[in-house]
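**Student:** There's a structure below that I have some questions on.
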Amino acid sequence: MKIIISIATLALLMACSAEQPPCETSLTVVSDINQPDNQTPVENTIPDEYFDTDTSVLTLMNAIIQPSALELWQAVRYVVTAEGVEEDIRPQTDADWFRLQASAISLIEVGNSLLIPGRVMDNEPIDPDYPDYQYRPEEIQALVESDAENWRAYIKEMQFFTKNTLEAIEEKDLIGLMETGAAINNSCQGCHAEFWYRPTN
Ligand code: HEC
């Protein structure tokens, strides 16, 4: 009986990590993520000065998130010319896999940085020549404050998908790496659509 139960539990866990969208990180469930069932939320008593949040969201995007994601997305690729497939790029050595593992871990951990309250935005809009297509930094700040739940949900989604990629990397599973890597992009796009790009009419 014990064996049956643990296999069933395992099957449930596997179904959970293989399904898309993820069962544990949907926009509705995620608000309970730090609250054990039927318990009142614990008040956050960590003082503001506990964390250093001076690095802006934009800097984190450019310095850690984009390079880590690109490393994962470009890990398996072909360069095709008129003469045929010229380069067939894929991780081969242990060092290649280790670099991918480091990128996945960076992406998961930078999610925690984005979750720290008080994270600053840049003072200047990204592209001052096109003020209409993007929210200004102070607008983004206000959106993050007014819809903290979705902000958290997109980050949790990014971490969830990247954890699937990390598993594929640890198993040196090329197909898994490509499939799960592509899924990470959903969380980037989702968050950008709500918190960065101004809706077009
Ligand atoms: C929780 C929300 C959120 C997630 C998830 C997210 N981003 Fe962003 N990203 C933003 C916001 C907000 C901005 C605009 C920041 C600003 O204007 O100060 C931004 C800006 C950027 C930029 C702007 C660079 C520039 O200078 O033009 C890049 C690149 C970027 N994100 C890449 C990514 C990638 C790649 C992912 C997924 C792996 C991702 N982001 C996931 C919120 C997010």
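Any read-out appearing in this document is the output of simple, stated calculations on the displayed coordinates, not a laboratory observation. Remember, it's a predicted structure, so these values are computed and weren't measured experimentally. A quick note on method: Cβ atoms are made from the backbone with ideal geometry, for glycine too, and the neighbour counts reach across all protein chains shown.
**Student:** Show me the chymotrypsin sites (Phe, Trp or Tyr not before Pro) within region 77-179 that DSSP assigns to loop and that have at most 14 other Cβ atoms within 10 Å of their Cβ.
**Tutor:** Tyr133
**Student:** For Gln134, which sequence-distant residues (separation of 5 or more, or a different chain) have an amide H within less than 5 Å of its own amide H, given hydrogens modelled in the peptide plane?
**Tutor:** Arg198
**Student:** Over region 65-201, what relative contact order in percent results from Cα pairs under 8 Å that are six or more residues apart?
**Tutor:** Rounded, it is 27 percent for region 65-201.
**Student:** Set the Förster distance to 25 Å, then compute FRET efficiency between Asp54 and Ala148 from the Cβ-Cβ distance, nearest 0.05.
**Tutor:** Taking R0 as 25 Å, the efficiency between Asp54 and Ala148 is 0.80.
**Student:** Further, regarding this structure: With each label point set 7 Å from Cα along the Cα-Cβ vector, what nm distance links Ile175 and Tyr133?
**Tutor:** Using points 7 Å along Cα→Cβ, the separation is 3.8 nm.
**Student:** Hey, quick one: spin label on Thr200, modelled 7 Å out along Cα-Cβ, who in region 132-156 has an amide N within reach, i.e. under 13 Å?
**Tutor:** Counting backbone N atoms under 13 Å from the label point, the list is 132-134.
**Student:** Additional query: Out of region 63-165, which GluC sites (Glu not before Pro) are coil in DSSP terms and have no more than 11 other C-beta atoms within 10 Å?
**Tutor:** Hits after loop and neighbour filter: Glu83.
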